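One structure below.
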Amino acid sequence: MSAKRQTFCVEKTEGGWVVRTDAHEEHLGPYSEWARAMTMALIFARCNQPSQVKVKADAEYWRVEYTFDERAQASSA
């Protein structure tokens, strides 16, 4: 099975909460509330229909790992 993984991290910065990719190339925010940043990260899952979602959290950091089955995505295109 061919699978692709992508991680989105919700991090606290001086400007507010931001959502970054695992490569730190893209980001959303900043958001004044942690819950809003977390929601934006989860919206990605809903739009892209991953086969698996893992959430890890602590007080200053929140991470969502998405696994995509590339064959399933190719057949839906």
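The values are calculated or read from the model by the stated rules, or taken from the named source; none is laboratory data. Keep in mind that this is a model prediction, so the values were computed, not measured. Glycine gets a Cβ as well: all are built from the backbone with ideal geometry, and neighbour counts include every protein chain shown.
The C-beta contact set for the stretch 30-41 (first residue closer than 15 Å to Ala59 by Cα, second residue among the basic types (Lys, Arg) and modelled with pLDDT under 90, distance under 8 angstrom, 6+ apart or interchain) comprises Trp34/Lys12. Of the residues contained in the stretch 60-75, none is found to be at pLDDT 75 or above and surrounded by fewer than 11 Cβ atoms within 10 Å (Cβ to Cβ).
Going through (1) modelled with pLDDT of 80 or more; (2) touching a helix residue (DSSP H, G or I) at 6+ places or on another chain (Cβ under 6 Å); (3) among the basic types (Lys, Arg) one by one, Lys4 falls short only on (1).
Within the set of pairs 6+ apart or on separate chains, which have a first residue in the stretch 8-22 that is over 17 Å from Ala59 (Cβ atoms), a second that is modelled with pLDDT under 90 and of a type in the set (Lys, Arg), and C-beta atoms under 9 Å apart? Close Cβ pairs satisfying both conditions: Phe8/Arg20; Phe8/Arg63; Asp22/Arg5; Asp22/Arg63. Among the residues of the stretch 11-32, those identified as in contact with a Lys or Arg (Cβ under 9 Å, 6 or more places away or on another chain), modelled with pLDDT of 85 or more and of a type in the set (A, V, I, L, M, F, W, C) are Trp17, Val18.
Residues in the stretch 33-59 that are at pLDDT below 75 and within 15 Å of Thr13 (Cβ to Cβ): Ala59 alone.
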